[in-house]
Amino acid sequence: MLKRFNHVAIVVPDLDDAARKYKDVLNASVSDVHDYAEHGVSVVFIDLGNTKIELMQPYGENSPIKNFLEKHTGGAIHHICIEVSDINQACENLKLKNIRILGDGVPRIGAHNKPVVFLHPKDFYGTLIELEQE
Ligand code: CO
């Protein structure tokens, strides 16, 4: 079911500052800031060739990562993302195995314009897992 590792997402308190640090200190290939109003996040993509790091900060008052940042004020890893060959089939299999899918359980379009779902972190050892259609 699982395919390639797509990205790890890190919530940061100051996106410009974090992007600058990855660029200046680590000489990383860092994108411009992308605002996703519909997802409540602003994101910077760091291209590592074989995978990506995504730095995120809350966008707007109803951001789904607002509480996370209040708990982890200095920033922290938020989720990992792994590609799947068939996301609808993956969801069916997971539901049969009593894995909880966040929200209404239906894939929605994520930041890469592909369908994604998030699995409940309590069902995977404290790690929020995003599955993305490859
Ligand atoms: Co993600």
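No value in this document is a laboratory result; all are computed from the given coordinates. All figures in this text were calculated on a predicted structure; none of them were measured in a lab. Positions of Cβ are generated from backbone atoms using ideal geometry, with glycine treated the same way; all protein chains shown enter the neighbour counts.
Which one of SER42, SER63 is in contact with a strand residue (DSSP E or B) (Cβ under 7 Å, 6 or more places away or on another chain), of a type in the set (S, T, N, Q) and in a loop (DSSP other than H, G, I, E, B)? Outline the logic, then answer.
Numbers: SER42 fails: in a loop (DSSP other than H, G, I, E, B).
Checking each option against the conditions leaves just SER63.
Residue check: GLU83 meets all listed conditions (1) out of contact with any Asp or Glu (no Cβ under 6 Å at 6 or more places or on another chain); (2) touching a residue at least 60 places away in the same chain (Cβ under 8 Å); (3) of a type outside the set (S, T, N, Q) but one, namely (1).
Scanning the range 1-33 for residues that are in a strand (DSSP E or B), more than 22 Å from GLU70 (Cα to Cα) and of a type outside the set (D, E, K, R) yields LEU2, PHE5, ASN6, HIS7, SER29, VAL30.
Where residues in the range 39-58 are more than 14 Å from the chain's Cα centre (by Cα) and of a type outside the set (A, V, I, L, M, F, W, C), which of them is nearest to the ligand (Cβ to nearest atom)?
Of all residues in the range 39-58, those more than 14 Å from the chain's Cα centre (by Cα) come to 47-50.
Among the residues that remain, those that are also of a type outside the set (A, V, I, L, M, F, W, C) are: 47, 49-50.
Details: ASP47: 15, GLY49: 18, ASN50: 17 Å.
Among residues in the range 39-58 that are more than 14 Å from the chain's Cα centre (by Cα) and of a type outside the set (A, V, I, L, M, F, W, C), the one nearest to the ligand (Cβ to nearest atom) is ASP47.
Can you find a residue in the range 88-105 that is assigned to a loop (DSSP other than H, G, I, E, B), within 15 Å of the chain's Cα centre (by Cα) and over 27 Å from LEU2 (Cα atoms)? For the range 88-105, residues assigned to a loop (DSSP other than H, G, I, E, B), within 15 Å of the chain's Cα centre (by Cα) and over 27 Å from LEU2 (Cα atoms): absent. Among the residues of the range 85-134, the ones that are aromatic (Phe, Trp, Tyr) and surrounded by 14 or more Cβ atoms within 10 Å (Cβ to Cβ) come to 1 in all.
Here is the figure for the range 91-119: residues that are in contact (Cβ under 8 Å) with a residue 12 or more places away in the chain and within 16 Å of the ligand (Cβ to nearest atom) total 13.
Residue pairs whose Cβ atoms lie under 6 Å apart, separated by 6 or more positions or on different chains, with the first residue in the range 120-134 and free of Cβ contacts under 8 Å to residues at least 40 places away in the same chain and the second within 13 Å of the ligand (Cβ to nearest atom) and among the aliphatic types (A, V, I, L, M), are PRO121/LEU128. Of the candidates SER85, SER63, the single residue that is small (Gly, Ala, Ser) and under 29 Å from ASP14 (Cβ atoms) is SER63.
Considering the range 1-41, and only residues there that are farther than 14 Å from GLY75 by Cα and among the small types (Gly, Ala, Ser), the residue that is surrounded by the fewest Cβ atoms within 10 Å (Cβ to Cβ) turns out to be ALA37.
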